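**Q** Quick one: this structure, given as structure tokens, is what I'll be asking you about.
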Amino acid sequence: MYTLIKREIEDHIIYFLGALILSLLFTASIAAKGFGGEPAEGLGIILAAIGITLACATIVICALGTSQMHTDKNRKISAFLSTLPVSRNQILAARVITGLLALLVLLAAPAITVEILLSTLRQEEAVYRYFTVEIFSAVYLLGLGVYCTGLMCGFSSSKIVVTLGSLVLSVVLLTIILIKGPDIETLIILLVYVSASLAYTWRKFSTIPFI
Amino acid sequence: MKDLTYTLLKSFAAGFAALLLLSTALFWGRFYCDRYLYGRMAQQSTCRSATISPSGILPAEIEKDPNVDIASSFHGYTEPDAAVIRTRLGIVDYFERRVPEARFMLSFYEYVNNGKTDLYFDKKSGLIVYQSERAKKTNDNKTEREEIKLYAGPEGISEKPTKELGRFYSPVRMQKEPIIYHSRDEMQTEYVRAVPITYDKKLRRFFKIDFDKREVKKGPEIDKNINFRPIQIGQPRKGEYLLSFWWSEPMIEIKREDKNEAEKRYGKIQKRIVTRFYPPGGQYVPFLDERGLIFLVDRATLEIAGEGGYLPAPMSYFGSGKAARPNVARPKDLLAFMIEPVAIKPDGKYLGMGAAALSRDGASITVAVFDKEGKLLKMTNTVDGYFSYRDYDGDGIIESERYITQMDSSKAVFWGQPGSPLATVLRYLIENLQGPALNIASFFTADSFEASSGHRALFLVTNSFIGMKGRQAGVSFSWKFFGGLLLIAPSIILSVLLAWSVKRDALTKGLCKKERLCWIAGVLCFGLAGYISYRLCCKQAGLINCRNCGMSRRVDMDVCHRCGGSWLVPELEDPGWRVRDN
């Protein structure tokens with residue numbers, strides 16, 4: 001399993017590098033603006049940064065999901081792996097774990113920076129205690145949803161469906177946070193969506209012929 | 001069996017994903033239609049505001065005084081296009097609820113007194129906690145901040161949370177009563193602070209909590225037979241960012257001998273005839289019942305003084321919803337409401353109150369005026385036109401009704417403005433893409449959701465036309481349901497067409513009868529979302545020609561999915577005749 005994950009990361013290293021660079025950029029900008037400016041401005045900067053992070057995360061994470069499934073089909077990776085003592089479930093699990101890791105790389109540093117920044121703001125003005133937890137759990141689940149959308153779209157053989165379809169559907173999914181806000185209701189909806197899309201991907205991946 | 005489970009899992013998974021993505025896309029379709037419709041409506045000033053002038057709560061000799069230049073009035077105002085963004089986008093609501101300064105959600109009660117003051121209910125200890133920070137001058141003339149923290153229970157107030165204070169169980173939220181009065185003619189500011197009064201639902205008593213005197217006064221226990229469900233006390237309100245409501249005193253023009261050049265330039269000088277008393281209710285505090293009824297509590301004795309009025313039901317496209325009485329709206333059915341009790345100086349005599357309510361869809365404001373006995377005096381609502389006025393006598397019977405208008409704003413928003421009909425039809429069609437099952441569910445649950453949360457719904461669109469029909473009051477259920485079915489006719493027609501297409505396609509693909517029926521039922525219920533799931537889940541099976549019927553049949557099934565014939569070819573019987581060559 002470890003070897004499979006390692007192989008997935010190596011195959012999609014470009015997305016990991018992209019996630020890391022974006023993450024560092026956001027963290028640096030949040031830290032520079034948030035700690036340097038007025039405390040009241042801090043909250044606005046944080047919200048803007050979360051918005052930008054989310055938008056960029058969409059492109060990177062959705063592309064990762066799509067690429068994992070689409071390149072598999074084109075380069076017959078699974079067909080090759082199935083000649084080794086590896087099950088389809090293990091291949092899929094390794095892919096999903098890779099996606100989760102990429103999302104973590106993208107969001108962990110900004111989340112920690114925002115939490116540190118908010119803890120300093122809290123002394124100045126009353127900021128809601130679970131702000132970071134609520135927002136970043138919603139953002140993480142959204143990222144996961146977008147990644148799963150990418151996985152689902154990646155099965156298609158049409159390049160237009162793969163690129164445009166996954167991007168459009170991901171943007172549609174992202175707007176849920178605007179409609180519902182990062183509330184518990186949103187988290188439940190996203191959790192169900194992620195479970196449903198993973199279940200769909202699993203069944204689809206388990207039944208497609210590799211040849 | 002395992003295969004069936006996996007097929008079901010895949011179908012439900014694809015179904016949910018398709019439904020969520022489709023519903024989200026449809027939400028944005030509805031959102032932009034609403035933005036257009038309400039943006040158009042906002043251009044018409046009479047659709048945004050409703051005024052009752054003269055207010056009718058002052059004695060006739062004051063209101064009808066020939067010297068009165070501007071009569072007293074109740075005025076309600078909204079910004080419909082801004083309301084669309086505030087109510088439809090949950091992210092706005094989320095931040096408003098979380099940032100304490102925005103909505104006082106974290107504070108139980110808040111008022112300002114040269115510093116920061118918070119009053120909140122601590123559920124753990126059952127005590128109301130008072131935190132205040134005030135500027136204090138020291139002996140050497142320096143200013144330093146003084147912090148005060150007090151705990152109030154039913155038995156008293158203390159600096160420490162002790163058991164002797166008792167505990168509150170479910171105190172009713174206290175709404176801030178206006179504390180700053182800005183006098184227009186004398187240009188002075190007066191600070192008046194009302195002593196907080198709350199009601200505990202379990203203890204069934206009112207409590208007056210005076211933090212300055214550090215004493216708690218208990219009211220008499222309310223009789224258990226009285227049907228009484230208060231939800232807010234003080235100056236009840238909801239959605240104060242969506243609705244503005246105020247009372248203006250009558251003004252007279254005065255001539256001043258010492259008029260200087262500047263005053264002459266700015267025209268006439270006005271002076272109030274009566275002066276408003278603060279807190280606004282005078283001797284009474286209004287509190288709101290969950291049925292929409294407003295009661296009055298005596299500030300001194302903490303006894304219920306009677307009914308002060310009710311939240312007026314605003315006009316909606318198909319009329320108002322369920323209510324305790326006709327014309328009464330429940331707080332949860334309104335996007336916003338405000339109550340404005342009026343008492344006048346010098347003794348704080350209570351005169352009556354005005355109440356304004358913004359409809360669930362944000363398209364109509366109704367303003368009502370009640371006298372000191374709680375009887376309806378006047379009522380008006382927003383219209384598309386110039387002026388609409390409805391007069392009521394003391395018994396609530398319509399005395400005269402003069403419509404110089406084209407249509408009510410709740411209808412005008414959809415049909416009254418240029419371009420609105422097109423946007424309305426588009427919105428209606430988008431709503432119909434939701435699928436008949438969800439539309440019917442929206443019809444039945446239309447009353448169950450809080451007004452603003454209904455706007456943000458993805459699956460059950462309770463603020464759609466079918467939802468409005470579901471809330472319609474005053475018609476029989478069967479008639480309402482039939483009307484509802486007619487409203488979702490496009491959705492039903494689309495689902496039937498898609499189901500027919502699925503039936504044909506499923507036969508070609510080789511789905512068995514049960515599977516076909518399940519997919520047809522799914523598409524009939526969920527319309528487009530069901531059809532997308534079908535396309536995602538059902539793939540072509542391997543087919544060969546059936547020896548029985550000659551059509552394509554599946555290779556993995558015992559019988560043909562079309563004719564039900566088995567693999568064995570039936571033995572041909574001898575026809576009993578032969579064709580021979582002569």
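The values are calculated or read from the model by the stated rules, or taken from the named source; none is laboratory data. Since the model is a prediction, treat every value here as computed from it, not as a measurement. Backbone-built Cβ (ideal geometry, glycine too); neighbour counts: all protein chains shown.
**Q** Could you list, in sequence order, the residues of segment B:3-51 that are charged (D, E, K, R), surrounded by fewer than 20 Cβ atoms within 10 Å (Cβ to Cβ) and more than 12 Å from chain A (Cβ to nearest Cβ)?
**A** Those that are charged (D, E, K, R), surrounded by fewer than 20 Cβ atoms within 10 Å (Cβ to Cβ) and more than 12 Å from chain A (Cβ to nearest Cβ): B:Arg35, B:Arg48.
**Q** Report whether or not A:Gly65 is in contact with a Cys (Cβ under 9 Å, 6 or more places away or on another chain) and under 18 Å from A:Tyr2 (Cα atoms).
**A** Spelling it out, it is not the case that A:Gly65 is in contact with a Cys (Cβ under 9 Å, 6 or more places away or on another chain) and under 18 Å from A:Tyr2 (Cα atoms).
**Q** Also, quick follow-up: Among the listed residues A:Leu142, A:Leu187, which satisfies the condition of being surrounded by fewer than 21 Cβ atoms within 10 Å (Cβ to Cβ), more than 9 Å from chain B (Cβ to nearest Cβ), out of contact with any Asp or Glu (no Cβ under 8 Å at 6 or more places or on another chain) and at negative phi?
**A** Just one listed residue meets the conditions, A:Leu187.
**Q** Quick test for you: out of A:Val161, A:Val171, pick the one residue that is surrounded by fewer than 21 Cβ atoms within 10 Å (Cβ to Cβ) and either within 30 Å of B:Arg97 (Cα to Cα) or polar (S, T, N, Q) (or both).
**A** A:Val171
**Q** Can you pull out every residue in segment A:190-208 that is more than 7 Å from chain B (Cβ to nearest Cβ) and of a type in the set (A, V, I, L, M, F, W, C)?
**A** Passing the criteria: A:Leu190, A:Leu191, A:Val194, A:Leu198, A:Trp202, A:Phe205, A:Ile208.
**Q** Every residue in segment B:206-255 that is among the aliphatic types (A, V, I, L, M), in contact with a helix residue (DSSP H, G or I) (Cβ under 7 Å, 6 or more places away or on another chain) and not in a loop (DSSP other than H, G, I, E, B), please.
**A** Correct list: B:Ile231 only.
**Q** Just to check your reading of the model, which residue among B:Tyr392, B:Tyr386 is within 24 Å of B:Ala329 (Cα to Cα) and modelled with pLDDT under 85?
**A** B:Tyr392
**Q** Name the single residue that is surrounded by the most Cβ atoms within 10 Å (Cβ to Cβ) among those in segment B:340-386 being part of a strand (DSSP E or B), in contact with a Pro (Cβ under 7 Å, 6 or more places away or on another chain) and polar (S, T, N, Q).
**A** The residue in question is B:Thr366.
**Q** A further question on this structure: Which pairs have Cβ atoms under 7 Å, sit 6 or more apart or on different chains, and link a residue in segment B:436-452 that is at negative phi to one that is modelled with pLDDT under 85 and among the hydroxyl-bearing types (Ser, Thr, Tyr)?
**A** B:Ser452/B:Thr87
**Q** Condition test on B:Pro66, is it at pLDDT below 80, surrounded by fewer than 16 Cβ atoms within 10 Å (Cβ to Cβ) and away from every other protein chain (no Cβ under 14 Å)?
**A** yes
**Q** For segment B:154-205, name all the residues that are at pLDDT 70 or above, over 23 Å from B:Ile226 (Cα atoms), outside any loop (DSSP other than H, G, I, E, B) and not hydrophobic (A, V, I, L, M, F, W, C).
**A** B:Gly156, B:Ser158, B:Lys163, B:Glu164
**Q** Given (1) farther than 30 Å from A:Ser119 by Cα; (2) modelled with pLDDT under 75, where does A:Cys62 come up short, assuming only one miss?
**A** (2)
**Q** With the condition kept exactly as written, say whether any residue in segment B:447-463 is acidic (Asp, Glu), closer than 30 Å to B:Phe337 by Cα and at pLDDT below 90.
**A** Yes, because at least one residue in segment B:447-463 is acidic (Asp, Glu), closer than 30 Å to B:Phe337 by Cα and at pLDDT below 90.
**Q** Of the numbered conditions (1) surrounded by 19 or more Cβ atoms within 10 Å (Cβ to Cβ); (2) modelled with pLDDT of 75 or more, A:Leu25 satisfies every one except a single condition; which is it?
**A** (1)
**Q** Here are B:Ser11, B:Ser72: which of them is touching a helix residue (DSSP H, G or I) at 6+ places or on another chain (Cβ under 8 Å) and under 30 Å from B:Leu438 (Cβ atoms)?
**A** B:Ser11
**Q** Mind checking whether some residue in segment A:161-182 is more than 8 Å from every other protein chain (Cβ to nearest Cβ), more than 29 Å from A:Gln90 (Cβ to Cβ), at pLDDT 90 or above and more than 15 Å from the chain's Cα centre (by Cα)?
**A** The answer is no; no qualifying residue exists.
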